[in-house]
């Protein structure tokens with residue numbers, strides 16, 4: 001074995017990474033798995049993660065609200081939680097506020113932000 005050539009060809013990996021790979025490969029072999037099995041599992045996991053991200057994006061888009069006046073995205077914020085956020089109606093708990101500074105449409109809600117958007121998973 002040409003140690004120097006190996007070291008040069010594999011310089012992108014640290015010594016620790018080489019040790020981890022050997023441990024991984026030995027563990028695969030001891031348990032009757034192949035590198036191909038590991039690659040298949042990784043590909044399936046990546047697909048599952050990507051599908052989860054796509055679903056999370058779709059779920060997030062469902063929670064976006066467009067302004068009824070100008071169609072800009074609206075932000076939801078809590079109200080009536082401190083002196084600066086009082087609305088004059090103590091039953092108001094949140095507000096959808098248009099992000100378009102020329103519009104600034106506000107839609108007040110009796111539900112909290114958490115109730116409207118749901119709890120994060």
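Details
- Separation in nanometres of the label points that stand 7 Å from Cα toward Cβ, at residue 12 and residue 77: 4.8 nm
- Degrees separating the helix 35-63 axis from the principal Cα axis of the chain, which is the longest one: 10 degrees
- In the chain, helices alone account for a calculated mean residue ellipticity at 222 nm of -15500 deg cm²/dmol, with every DSSP H run of four or more residues adding -39,500 (n - 2.57).
- Spatial separation of Cα centroids for the stretch 79-121 and the stretch 3-26, in angstrom: 56 Å
- With respect to the chain, whose longest principal axis is taken over its alpha-carbon atoms, helix 15-30 is tilted by about 80°.
- Between 17, 86, 55, the residue with the greatest mean-square fluctuation in the GNM of the chain (Cα pairs under 10 Å linked by springs) is 17.
- Modelled label positions at residue 103 and residue 53, each set 7 Å beyond Cα in the direction of Cβ, lie 3.0 nm from each other.
- Restricting the calculation to alpha carbons of the stretch 3-63 gives Rg and Dmax of 18.2, 58 angstrom.
- Per residue Cα convex hull volume in Å³ - calculated over the stretch 55-121: 95 Å³
- Efficiency of FRET between residue 24 and residue 110 - r from beta-carbon atoms, R0 41 angstrom, step 0.05: 0.15
Read-outs: derived from the displayed coordinates by stated rules, not from any lab. Please read all numbers here as calculations on a predicted model, not as lab measurements. Here the Cβ is made from the backbone with ideal geometry for all residues, glycine too, and neighbour counts use every protein chain on show.
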